[in-house]
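Below is one structure, written out as structure tokens; the observations come after it.
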Amino acid sequence: MRPLDGITVITLEHAIAAPFCTRQLADLGARVIKVERPGVGDFARAYDERARGMASHFVWTNRSKESLTLDVKHGQAGEILEKLLAGADVLVQNLAPGAAARLGLSYEALKKRFPRLIVCDISGYGADGPYRDKKAYDLLIQSESGFLSITGSPDDPAKAGCSIADIAAGMYAYTNVLAALIQRGRTGEGCNIDVSMLESMTEWMSYPLYYAIDGAAPPPRAGAAHATIYPYGPFPVGDGKTVMLGLQNEREWEQFCAKVLEQPALAKDPRFASNSARTAARQELRAIIVEVFSHHTSEQVIARLDAAQIANAHMNDMHDLWRHAQLKARERWTEIDTPNGKIPALLPPGVPNTYSARMDAVPALGQHTDAILGQLGYDSADLGALREAGAI
């Protein structure tokens, strides 16, 4: 038995934030019914064709779901949604600002008829405030939250290489839905969850926020290096590769000098005698480190770092990650079905040993429409009429 077996989630979702939330609910056993626009579906289906003819974002965030095509603006859609919600535990939506309310799907509109229903609204800026109606995409929230101001090189800001603002909001939606299900088990009542991408990213920005409190200078952009700890970041080595390393304290600094650089006297050099000093003199120290590393391969440097118990990592690309030895040794990869055949998928992190995560297929658009509506009492004639009317 999985933790969410028997829980039904209805989701009006697109892009990443809500789909990532609901896919994780499906991982735990929930039945997730994804309502999509007829003929088009979640627009993330068309982002690219890189995952064996399918969109990489969509394959990632939509396994184990059922796809129901429904024009939610159609006159007959309201009855179908009402029947779906009558058997649902959770409604998740990240439609355009105000769209759910216009469809009669706000928590206030639903709570009397469905008092046990948990309604999770995901938006860029939240349900109220002056920014409520602004469109919000991942990169825009990275900018609005200040993330871009501390990320990149000194000359140029850089966005995160993955959809970090969407992921943050999706994670807070997921965890709060789980908490709401626990609370409902005690009170018998549903609730409204209002997840803002901006607030999710602001929480993740708390270290630089506190670093810059009371008008203090914020952390500078430092590329792949740490802005306020040094040495901590990427360093080129003799075979043309790059090694990432990080020091956290003075004991490690002494070990680094003695066992990695083989210059123990450097640990007492006044230029580098504290983290603040090393950060201020990072260019001088970098030149010393690069000179030593230039005579060794990446594996030799990593062996020295490991021997000195200095944290380090390879600078992997996506091809390296696909074949990462640690993931292989821990058997973290499986396969799932898709409309285009099987594809590898990472097992969800942190699943307890008492059950197996649900790893079902990525759905084709509308694949489950007839089956779902049949369960709601619609017969073949009804389905034909709905299709003829353009409702499904």
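The values are calculated or read from the model by the stated rules, or taken from the named source; none is laboratory data. Note that the structure is predicted; figures quoted are calculated from it, not measured. In this analysis, Cβ positions are derived from the backbone assuming ideal geometry, glycine residues included, and neighbour counts consider all displayed protein chains.
Structure values in brief
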{"read-out": "Qualifying residue in the stretch 37-48 (condition: in contact with an Asp or Glu (Cβ under 6 Å, 6 or more places away or on another chain) and surrounded by fewer than 20 Cβ atoms within 10 Å (Cβ to Cβ))", "value": "yes"}
{"read-out": "Which numbered condition G377 fails, given (1) outside any loop (DSSP other than H, G, I, E, B); (2) closer than 30 Å to D71 by Cα", "value": "(1)"}
{"read-out": "Output for the stretch 209-242, where each listed residue is in contact (Cβ under 8 Å) with a residue 60 or more places away in the chain, surrounded by 18 or more Cβ atoms within 10 Å (Cβ to Cβ) and within 26 Å of the chain's Cα centre (by Cα)", "value": "R221, A222, A227"}
{"read-out": "Unique residue being out of contact with any strand residue (DSSP E or B) (no Cβ under 9 Å at 6 or more places or on another chain) and on the phi < 0 side of the Ramachandran plot when the list is D138, D121", "value": "D138"}
{"read-out": "Answer residue from the stretch 141-177, given it is of a type in the set (A, V, I, L, M, F, W, C), within 17 Å of the chain's Cα centre (by Cα) and surrounded by fewer than 16 Cβ atoms within 10 Å (Cβ to Cβ) and is nearest to V32 (Cα to Cα) among those", "value": "C162"}
{"read-out": "Residues satisfying the stated conditions in the stretch 188-208, i.e. closer than 26 Å to I16 by Cα, of a type in the set (G, A, S) and in contact (Cβ under 8 Å) with a residue 40 or more places away in the chain", "value": "G190, S196"}
{"read-out": "Sole exception among (1) of a type in the set (A, V, I, L, M, F, W, C); (2) without any contact (Cβ under 8 Å) to a residue 24 or more places away in the chain; (3) part of a loop (DSSP other than H, G, I, E, B) for A364, by number", "value": "(2)"}
{"read-out": "Single unsatisfied condition, K268 versus (1) more than 22 Å from T297 (Cα to Cα); (2) within 36 Å of the chain's Cα centre (by Cα)", "value": "(2)"}
{"read-out": "Test: residue in the stretch 65-79 that is more than 25 Å from Y355 (Cα to Cα), of a type in the set (A, V, I, L, M, F, W, C) and free of Cβ contacts under 8 Å to residues at least 40 places away in the same chain", "value": "no"}
{"read-out": "Helices (runs of 4 or more DSSP H) wholly inside the stretch 1-110 that include at least 1 residues being under 22 Å from L347 (Cα atoms), assigned by TED's automatic domain parsing to the domain that holds R132 and among the basic types (K, R)", "value": "17-27"}
{"read-out": "Count of residues meeting criterion [touching an Asp or Glu at 6+ places or on another chain (Cβ under 9 Å) and of a type in the set (D, E, K, R)] in the stretch 135-161", "value": "2"}
{"read-out": "Tally of residues being out of contact with any Ser or Thr (no Cβ under 9 Å at 6 or more places or on another chain) and of a type in the set (G, A, S) across the stretch 130-163", "value": "4"}
{"read-out": "Residue within the stretch 324-346 that is modelled with pLDDT of 95 or more, in contact with a helix residue (DSSP H, G or I) (Cβ under 9 Å, 6 or more places away or on another chain) and assigned to a helix (DSSP H, G or I) present", "value": "yes"}
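This table checks each residue for (1) in a loop (DSSP other than H, G, I, E, B); (2) touching a Leu at 6+ places or on another chain (Cβ under 9 Å).
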residue	(1), (2)
K112	yes, no
P115	yes, no
D128	yes, no
R132	yes, no
K135	yes, no
L139	no, yes
Q142	no, yes
K159	yes, yes
